[in-house]
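Peer 1: After the structure tokens below, expect a handful of questions from me.
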Amino acid sequence: MIRVESLVKKFQYRNKNNKIVWRTAVDGLTLDIRQGEVFGLLGPNGAGKTTTIRMLTMLTEPTSGEIFYDNTPIRGHEQEMKQLIGVVPQHINFDQDLTVGENLELHARLHHMGRVERHRRIEELLAYVELADLVNANVRELSGGMKRRLLIARALIHHPRILFLDEPTVALDPQVRRRIWELIRQLAREQVTVLLTTHYIEEAETLCERVAILNKGRLIGLDTPQAFCEQMGRYTVEWDAVDAREYRFFDTRREAADFMAELGGSASIRRSNLEDVFIELTGRREGL
Amino acid sequence: MLYDIWTVFWRDWLVLKRRMPRFILSRMVAPMLYLVAFGWGLGRSIQVIGGSYIDFLVPGILALNSMNISFNSVTPVHAERIYHKSLEEYLVAPICPYSVVIGKVLAAVLRGLISSSIIVVLAWLFGAHFIITPLFLLVLILNCVIFAEIGFFAAMTIASFEEMGQVNTYILLPMSFLCGTFFSTGTLPDAVRWFIELLPLTHTSYLLRGISSGADIALSSVLVLVFYSLLCFFFSSRVFLRLSK
Ligand SMILES: Nc1ncnc2c1ncn2[C@@H]1O[C@H](COP(=O)(O)OP(=O)(O)OP(=O)(O)O)[C@@H](O)[C@H]1O
Ligand SMILES: [Mg+2]
């Protein structure tokens, strides 16, 4: 559904000597995302997740590389490709002069939806994100979490077939977050392709069929959450060393238990999770 | 494409409609001051060829006011681009990019025309004499289009709101006073005059004044305005198309 080939984005910026230099935000990214898949993009701050999404949504022109939707290159087909996509940006970007309802209406009109269809859909989505009462409120009057919910509702109005979510559940309370997860699963069942970024590892673990881990613009791992954990060792022994918390990974519970016995003291044993993988891949190996 | 232009225009119309009373009231202040200070105050003692100074003044005020209003109607797009980032909504939508430029410019023309009608009513109350013809309207619209496009260009290229103030101070304000609005450019030194006669606002002032007093006008000036509006459209679309680079 989405194919990305050797995608590169370089930005100019001023370094500390005030010289203009190039920084590579995304460095030769190649990905292939299936239709109806929920795909996660993980990586530390500044890894290039947002830049990748901006290139995929045609907000930023790649320095080099190609992007295909359904085997059609998006370059030169921008208008028809934009019809397919829905975008939840990392930052809140409502029109501050319009009300909640008007913001959604503007979006629907920009996607060429007919009057009846657009009103039905707006009503339905506002009810879903529990903002129906606020339809005539100015967007400035919403709380942070309400804005996030509205952002998600807006992206869905025109029934996109590919949905991009850049940290969609930041600042949402646990109940709402779970509802959004349920919504994303439902969309995937309807064959919508979902690409999301998140810093909540639990979210990626429960939601994503596959995750890609980016670091400094490079793809450093791509697999299912389970496979990642298995490769690293299914069990983790965790203990307090002199200056930091230490981790070791083991393939079997037996080995882990033996190691723990050796250590003694306050060590504990648990199943490895994606967070361990993330820290291992992006933190330690790079030596931070 | 037409529908997209309408959508962009519709958004500005919604906002304007909500602020209409405030908009009209605030637009009355500056022209009133001009009419009182230069029309009543100074004007009583000035005689210009072919009539009273206030008749001379009104087309100039219309020209400079429509310039300022249409320019400043588009500059909030700067905030939509930099601070609220709501311009991204248009960039991810399956619309023709030109329709954003055209829709915004048309909305600015509407504002320019509303404030122009306020001046026409005020001037009439002040006892000025002038004729309004279709060509007069066309010139006024062209003037709004040109400066709305320049405003759009500024909104797309300028980095901070402070710089927008500088554009107003260093470009629009001098033009407001010098481009044949309050006095005829004939009295200026040649070099200055040539430069000023290149500017679109000068052509607008002369055309409006000529038409409103029933005198002969230079049709070439209309062509100059058409040329400027096409040129400015080219540049403002270009910066908009380049936003995603
Ligand atoms: N418009 C820009 N101009 C210059 N540099 C940029 C621009 N946008 C992003 N960058 C740089 O590109 C790199 C990647 O940024 P990006 O926003 O993609 O990171 P991210 O993975 O989304 O991080 P976060 O988790 O903090 O959202 C960073 O080093 C950033 O400074
Ligand atoms: Mg980001």
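Laboratory data are not the source of any read-out in this text; all were calculated from the coordinates shown. Just so we're clear, the structure is a prediction, and the values are computed from it rather than from any experiment. We place every Cβ from the backbone using ideal geometry, glycine too, and count neighbours over all the protein chains shown.
Peer 1: In the stretch A:1-16, which residue that is of a type in the set (Lys, Arg) and within 16 Å of ligand 1 (Cβ to nearest atom) is nearest to A:PHE164 (Cα to Cα)? So that I can check it myself, show each step before the final result.
Peer 2: If we filter the stretch A:1-16 for residues that are of a type in the set (Lys, Arg), which is where we start, we get A:3, A:9-10, A:14, A:16.
Adding the requirement that they be within 16 Å of ligand 1 (Cβ to nearest atom) leaves A:9-10, A:14, A:16.
On the way: A:LYS9: 18, A:LYS10: 22, A:ARG14: 30, A:LYS16: 34 Å.
Per the criteria, the residue is A:LYS9.
Yes/no per residue for (1) away from chain A (no Cβ under 14 Å); (2) under 22 Å from B:LEU178 (Cβ atoms); (3) among the acidic types (Asp, Glu):
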| position | (1), (2), (3) |
| --- | --- |
| B:PRO21 | yes, no, no |
| B:PRO31 | yes, yes, no |
| B:LEU35 | yes, yes, no |
| B:GLY43 | yes, yes, no |
| B:ILE54 | yes, yes, no |
| B:SER70 | yes, yes, no |
| B:LYS85 | no, no, no |
| B:VAL101 | yes, no, no |
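Peer 1: Where in the stretch B:101-216 are there helices (runs of 4 or more DSSP H), lying fully within it, with 2 or more residues that are surrounded by 24 or more Cβ atoms within 10 Å (Cβ to Cβ)? Reasoning before the result, please.
Peer 2: Values: elements: B:134-157, B:161-167, B:173-178, B:190-198, B:200-212.
The helices (runs of 4 or more DSSP H) meeting that bar are B:134-157, B:200-212.
Peer 1: Now for a separate question. Consider A:LEU172 carefully, then state whether it is outside any loop (DSSP other than H, G, I, E, B) and either under 17 Å from the mean Cα position of the chain (by Cα) or without any contact (Cβ under 8 Å) to a residue 40 or more places away in the chain (or both).
Peer 2: Considered against the rule, which asks whether it is outside any loop (DSSP other than H, G, I, E, B) and either under 17 Å from the mean Cα position of the chain (by Cα) or without any contact (Cβ under 8 Å) to a residue 40 or more places away in the chain (or both), A:LEU172 comes out as no.
Peer 1: So, one more: Within 9 Å of chain B (Cβ to nearest Cβ) and not in a loop (DSSP other than H, G, I, E, B), is that true of A:GLU117?
Peer 2: Numbers: within 9 Å of chain B (Cβ to nearest Cβ): no; not in a loop (DSSP other than H, G, I, E, B): yes.
Taking the combined requirement at face value, the residue does not satisfy it.
Peer 1: Restricting attention to the stretch A:48-104, and to residues there that are over 30 Å from B:LEU16 (Cβ atoms), of a type in the set (A, V, I, L, M, F, W, C) and in a strand (DSSP E or B), which single residue is nearest to the other protein chains (Cβ to nearest Cβ)?
Peer 2: A:ILE85
Peer 1: If you don't mind, another one. Identify, by number, the condition in (1) more than 16 Å from ligand 2 (Cβ to nearest atom); (2) more than 10 Å from every other protein chain (Cβ to nearest Cβ) that A:ASP166 doesn't meet.
Peer 2: Just one mismatch for A:ASP166, condition (1).
Peer 1: Filter the stretch A:48-94 for residues that are within 16 Å of ligand 1 (Cβ to nearest atom) and over 21 Å from A:VAL26 (Cβ atoms) and give the result.
Peer 2: Of everything in the stretch A:48-94, those that are within 16 Å of ligand 1 (Cβ to nearest atom) and over 21 Å from A:VAL26 (Cβ atoms) turn out to be A:ILE92, A:ASN93.
Peer 1: Can you tell me which condition A:ASP27 does not meet? The list is (1) exposed (fewer than 13 other Cβ atoms within 10 Å of the Cβ); (2) assigned to a strand (DSSP E or B); (3) not hydrophobic (A, V, I, L, M, F, W, C), and all the others hold.
Peer 2: (1)
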